[in-house]
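First up is the structure itself, then whatever we jot down about it.
The values are calculated or read from the model by the stated rules, or taken from the named source; none is laboratory data. Only a predicted model underlies this, so the values are computations on that prediction, with no experimental measurement involved. Counting neighbours? That spans all protein chains shown, and the Cβs are built from the backbone with ideal geometry, glycine included. Only protein heavy atoms, including side chains, enter the accessible area calculation; ligands, DNA and RNA are left aside. Shrake-Rupley method; radii C 1.70, N 1.55, O 1.52, S 1.80 Å.
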Amino acid sequence: MSSTPLSGLAKRLVSDNAIDEATAQSAIKAAKREGQTFAQHAVEAKLIKSREMANIASTAFGSPLFDLSSYNFDLLPKDIVDEKLISKHFALPLYKRGNRLFVAVADPTNLAGLDEINFNTGLSTDAVLVEADKLGKAIESFLSNNDIGGGLAGLDDEDLDGLDVENGDAKQDDDEPGGDEAPVVRFVNKVLLDAIRTGASDIHFEPYEKSYRVRLRTDGVLHEVARPPIQLATRISARLKVMSKMDISERRVPQDGRIKMKLSKTKAIDFRVNSLPTLWGEKIVLRILDPSSAQLGIDALGYEEEQKKIYLDALAQPQGMILVTGPTGSGKTVSLYTGLNILNTPERNISTAEDPVEINLEGINQVNVSNKVGLNFAEALRSFLRQDPDIVMVGEIRDLETAEIAIKAAQTGHLVLSTLHTNSAPETLTRLMNMGVPTFNIATSVSVIIAQRLARRLCGECKKPAQLPEEVLKDEGFDTVTVPKSEWQIFQPVGCEHCSKGYKGRVGVYEVVRITDGISRIIMEGGNSIQIADQAKKEGFNNLRTSALRKVVMGVTSLEEANRVTKD
């Protein structure tokens, strides 16, 4: 099927060689699927820098570029444009002059959006070109302006004891926090907000004999952020347990709970909470579950073009099994949810069994498995197969029973997605063999295996070129990288005000292996993971180490970070 002819901003970016046509076509489809504009998606998926795109648009369409960072947002006109239109068209009203409304946009060719704003307001609309990343922050701040504390951008210390927390909000407790409890409430809320602001994935509240510490896991690494007085330990634990609807009188056994914190009209964050009795009190860990992480789109995850094509081709099949593997915290959930979002259409019946459900997905039937009531993965999967499914996701294949039912589903016209805890794609196949799954069933049902890790991304503001001796390049295995040496850009971390020790954010490192005839033959013969890995290498599938080194020579991460996540 021929691709749709490019137009507007996408066409101009391709003609200026800022991005290639295939990437532009893919971005247009992904933006439509995710309810975004092309400009918004292109910047969020890091296909092009926001400033570069703005400069090209300004030159191409004769629109002067306006710097939003110099604008006084107190002057924004209120209640003129419906909030849904602002989000839908990625456009923000800046000021009104007579019968004319000046609207900030990242794509001046989005005439449909301007026309809809014109129709709904009755005002003549003029486009003001701005950078997409600054526009995104301005829109988020504007939409949350009337919420408690003004959302993330406007929260200050006076707001910390009045946050809108669905389970156990200070305003919803049986008693208002008194003079002694108010500081604890404020401290806990501040830690939660600081964690969200810094992009942390986990928060650890840890009591010891003579001290109490709070740590955040940011970009996969734990950092200490506070040491409140040890005398507050039980009150901090009690506050967190109230917020997550745990039993505050029970301190002898582990408990699980959940907190939902509403930051604005358009953004809420869930926390999965677990308490654990330790020698000196209860350690409480919160996992931050940001629903927007499941909406990133496949272009933002770090797949190489060939790897992305293999994954998307497998998702397009009506049956088969896609397995994602890696240690805890390697991004398996985001990879699976991204695939489910691509598949999530009204024509498909999708069911998932998870332990527990981390992120709620509209239009997908999600089930929390619970061994306490006898609802394990196998039992949930049996029920799914009686409910006319098209696509099934099993949180983890832990035993032979679950594996056999999942494989049966994959062989009878269903697409099955699941995870295993193994270190590489070849080891996943041998793990299934060791569970007792017949080799014929593995070879005929598994379509694709994705092994993955998360590496810290070098900060674009401060990274500097690194010179590595030839012997180091050889010893580290750079000879397996197929990128021409003339295009290598190896950098090292420095550290600045914009990042943490030279790194900012994370990027996926993947081993994506399609089960080919050659690999199937080795499986059928009962081959081991080394034989499967050798065959995968012959057929051109990069392993995790090679994929990590490719990220190094492309300037995305450092050699030290590649060694941390992939070197044995």
| Which of the residues belonging to region 435-447 are surrounded by fewer than 22 Cβ atoms within 10 Å (Cβ to Cβ) and part of a strand (DSSP E or B)? | S447
| said: It is to be established whether one or more residues within region 380-394 are farther than 20 Å from E511 by Cβ, assigned to a loop (DSSP other than H, G, I, E, B), out of contact with any strand residue (DSSP E or B) (no Cβ under 7 Å at 6 or more places or on another chain) and of a type in the set (D, E). | reply: yes
| task | Output the residue which, of all residues in region 198-235 that are part of a strand (DSSP E or B) and open to solvent by 70 Å² or more (accessible area, probe 1.4 Å), is nearest to V509 (Cα to Cα). | result | R217
| message | Against the condition β-branched (V, I, T) and either open to solvent by 70 Å² or more (accessible area, probe 1.4 Å) or touching a strand residue (DSSP E or B) at 6+ places or on another chain (Cβ under 8 Å) (or both), how does V191 come out, does it pass? | response | yes
| Every residue from region 259-284 that is open to solvent by 60 Å² or more (accessible area, probe 1.4 Å) and either of a type in the set (S, T, Y) or touching a Phe, Trp or Tyr at 6+ places or on another chain (Cβ under 7 Å) (or both) | T266, W280
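Conditions (1) part of a helix (DSSP H, G or I); (2) open to solvent by 20 Å² or more (accessible area, probe 1.4 Å), marked per residue:
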{"position": "R457", "(1), (2)": "no, yes"}
{"position": "S486", "(1), (2)": "yes, yes"}
{"position": "C496", "(1), (2)": "no, yes"}
{"position": "K504", "(1), (2)": "no, yes"}
{"position": "Y510", "(1), (2)": "no, no"}
{"position": "I532", "(1), (2)": "yes, no"}
{"position": "A548", "(1), (2)": "yes, no"}
| request: Give the residues of region 348-368 that are touching a residue at least 24 places away in the same chain (Cβ under 8 Å) and open to solvent by 20 Å² or more (accessible area, probe 1.4 Å), sorted by residue number. | output: R348, N349, D355, P356, E358, N360
| remark: Those residues of region 501-536 that are among the small types (G, A, S) and in contact with a Gly (Cβ under 6 Å, 6 or more places away or on another chain) come to a total of 2
| What number of residues within region 314-344 are more than 15 Å from the chain's Cα centre (by Cα), open to solvent by 30 Å² or more (accessible area, probe 1.4 Å) and in contact (Cβ under 8 Å) with a residue 12 or more places away in the chain? | 5
